[in-house]
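Structure record follows, encoded as structure tokens.
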Amino acid sequence: MKTYTLQDQTHAFIEASPQKFYFNGEWHASEKTIDVIDPATASVITQVSLSQPEDVANAIGSAESAFKSWGKTEPSERAGLLRKLAELIRRDLPILAELESIDVGKPIGEAEGFDIPFAAECFEYFAGVAEDTEYEVDLGLELTDSHTAKIPYGVSAFVFPWNFPFCLCAWGIAPALAAGNTIVVKPASETPLSTLYLAKLIEEAGFPAGVANVLPGAGSVAGEALISDPRIKLMSFTGSTEVGRHIGEVCGRNLVPAKLELGGKGAAIVCSDADVDAAVEGLSGALLFNAGQVCCTASRWYVHESVYDEFVSKAKAHFESIKLGRGLDTDSQMGPICTQKQMAKILECVAEAQADGAEVICGGKRPMTGELSQGFYFEPTLLAGDDSNKWAQEEIFGPVTFLIKFSDEEEVVERANRNQYGLANSVWTQDLAKAKTIAHELVSGNSWINAHNVFEYGLHYGACNQSGCGGGVNSRATFEGYLRQMSVAARR
Ligand code: TAP
């Protein structure tokens, strides 16, 4: 086993405890703090100062003042700062990857190979979009000399979850800043470290004071203060459907547009003519990535009866071969669950699924001996049964999937669509024409073919039903969503 040693700069960052929060170009602290826990060992990494409602109010005030000039900057100036930020993220990639690995529990290779570089790319992508957008579009009408002007909203508020703190933050704030909005960000209380480090880089890149503000704080205190402040002009939330519904209600009262990116229970349909090895590898890889704490993962696997036994035995062998371990041990293939609370929830869901008739084909437990018993680990788990089981339909958010045997391809699409969510599904078949038909029939924001978790900047990633509304991420449409349209007209 190769154990990774943290860089001196990472040590220096976490030793500056309690970490301060950042607004109006300055670092602030409150008397209240929270312990940041390493899920691999349940030990305290550092402490973070929790922002209070008055801090949030002051941050919104500074973002409102900063908007007066930031909203009028040339797109090329904003793009230059975003590219500088991307350059700094790449420079400090090892530090950011280490922070993400110890805070979330994910294997260091995942953080180095995906979370951090993909976030840097996001700032570069939206820098380019900001530069090649037409901000005044002539309407060519007969009775009026008129055009549409695209204008940033003003202060945009962001609340993020704990599963991909750095990457999701980039997906949210890059288009908002590129479009000329100012931002106030509340990261999840469990995983604030990489977002606080990002604030340091934002400061170093030279963004004017007040343009970008980062305030960790409790959802029920700082989060409530942020979402309910009437000075915010746009709300963006990524997290659970339950909290998303509450935020939608609060924003509705203030008539603030809300972009809600919520939970999911993706289906994968493995047809009789699928390449079984590729399906097992692709779906297992997608499910076990980030220990299954991925909103868009597939956790209902509908497998055709003709390939079911082969598929299940290969998936079981794959799941049982996965090496659990600390994110910093470079041979770990899956890390711990991010929080103790989430680990306890997964255990409960599996027990309920079993009580409701599901068979546990492998996993279903947390390791209770040795080093792993100290952390929040959970074994890769295959459940099998009927899709009427509650946990075949509701999000578990862990390395657990539900296998369902089917016989009729037309009927299975209808069954897959009988679910409250609408985030991401996939279809597995060697018949590409059939794949496209099924992909279109599946009701979701994203339909993938012979792959699961497909991301590229420019490819819109959105949601429908209980998985969210009001936006989506990663495309030109996302950028346009951070601009309001105004008509300017004179009679001819
Ligand atoms: P939540 O419990 O919903 O928490 C998300 C964020 O909301 C946290 O920062 C939390 O603060 C804050 N919050 C809680 N109550 C609040 C309130 N009353 N007002 C304002 N903010 C409040 O979600 P989670 O457990 O962190 O994340 C897992 C969920 O996120 C899953 O359902 C997953 O599917 C979803 N998710 C969706 C996506 C997309 S793109 N659709 C991506 C990732 C995750 P505290 O941390 O202080 O509690």
Margin query: Can you compute the charge dipole magnitude of the chain about its Cα centre, using +1 on each Lys and Arg Cβ and -1 on each Asp and Glu Cβ, nothing else charged? Give it in debye, rounded to the nearest 20.
Written below: 1140 debye
Item checked: Computed over region 204-355: relative contact order in percent, which uses C-alpha pairs under 8 Å that are six or more apart -> 15 percent
Next item on the list: Percent of Cα-Cα pairs per 20 Å bin, from 0 to the last occupied bin, for the chain, please list those.
Entry: 24, 54, 21, 1, 0
Item checked: Nearest-0.05 FRET efficiency for residue 341 and residue 12, computed from C-beta distance (R0 30 Å) -> 0.50
Item checked: region 1-51: trypsin sites (Lys or Arg not before Pro) in DSSP coil with no more than 15 other Cβ atoms inside 10 Å -> 2, 32
Note to self: Using a 7 Å offset from Cα along Cα-Cβ at residue 484, what residues in region 156-188 end up with backbone N under 15 Å from the label point?
What the structure shows: 156-157, 180-182
Notebook entry, point to check: Where the centre of each part is set by its Cα atoms, how far does region 470-484 sit from region 224-285, in angstrom?
Noted result: 15 Å
Checklist line | Accessible area (Å², 1.4 Å probe, nearest 10) - residue 304 | finding: 30 Å²
Checklist line | 1.4 Å probe accessible area per residue over the chain, in Å² | finding: 39 Å²
Next item on the list: Kindly provide the helix-only [θ] at 222 nm of the chain, computed as the sum of -39,500 (n - 2.57) over DSSP H runs of four or more divided by all residues, to the nearest 500 deg cm²/dmol?
Entry: -12000 deg cm²/dmol
Check: Within region 373-459, which GluC sites (Glu not before Pro) sit in a loop by DSSP and count at most 11 neighbouring Cβ atoms inside 10 Å?
Finding: 456
Check: Where does each of 488, 250 land when they are ordered by accessible area, with a 1.4 Å probe and the largest first?
Finding: 488, 250
Check: Assuming R0 = 45 Å, what is the FRET efficiency of residue 275 and residue 137, from their Cβ-Cβ distance, to the nearest 0.05?
Finding: 0.45
Margin query: Restricting to Cα pairs below 8 Å that are 6+ residues apart, what does the relative contact order work out to for the chain? Please round to a whole percent.
Written below: 18 percent
Item checked: Charge dipole (debye, nearest 20) of region 1-139; +1 at Cβ of Lys and Arg, -1 at Cβ of Asp and Glu -> 320 debye
Notebook entry, point to check: DSSP loop GluC sites (Glu not before Pro) in region 122-210 with at most 14 other Cβ atoms within 10 Å of their Cβ, which ones?
Noted result: 134, 142
Next item on the list: Keeping the other protein chains in place, figure out the carbon and sulfur percent of the accessible area of the chain, with a 1.4 Å probe.
Entry: 50 percent
Item checked: Heavy atoms of residue 77: accessible area, 1.4 Å probe, square angstrom to 10 -> 100 Å²
Checklist line | Accessible heavy-atom area order of 326, 300, 418, highest first, probe of 1.4 Å | finding: 418, 326, 300
Check: For residue 249 and residue 87, what is the calculated FRET efficiency with R₀ set at 51 Å and r taken between the beta-carbons, to the nearest 0.05?
Finding: 0.80
Next item on the list: Of the DSSP beta bridges with both residues in the chain, give the percent that are antiparallel, rounding to the nearest 5.
Entry: 45 percent
Check: Once Lys and Arg get +1 and Asp and Glu get -1 on their Cβ, which of 37, 81, 17 lies farthest toward the positive end of the dipole of region 1-83?
Finding: 81
Margin query: Ordering 432, 168 by accessible area with a probe of 1.4 Å, largest first, what comes out?
Written below: 432, 168
Next item on the list: May I ask you to derive the relative contact order of region 364-406, considering only C-alpha pairs under 8 Å and at least 6 residues apart, and to give it as an integer percent?
Entry: 37 percent
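The values are calculated or read from the model by the stated rules, or taken from the named source; none is laboratory data. Predicted model only: the values in this text are computed from it and were never measured. Reconstructed Cβ throughout: ideal geometry from the backbone, glycine too, with neighbour counts over all protein chains shown. All accessible areas refer to the heavy atoms of the entire protein, side chains included, with ligands and DNA or RNA removed. Shrake-Rupley method; radii C 1.70, N 1.55, O 1.52, S 1.80 Å.
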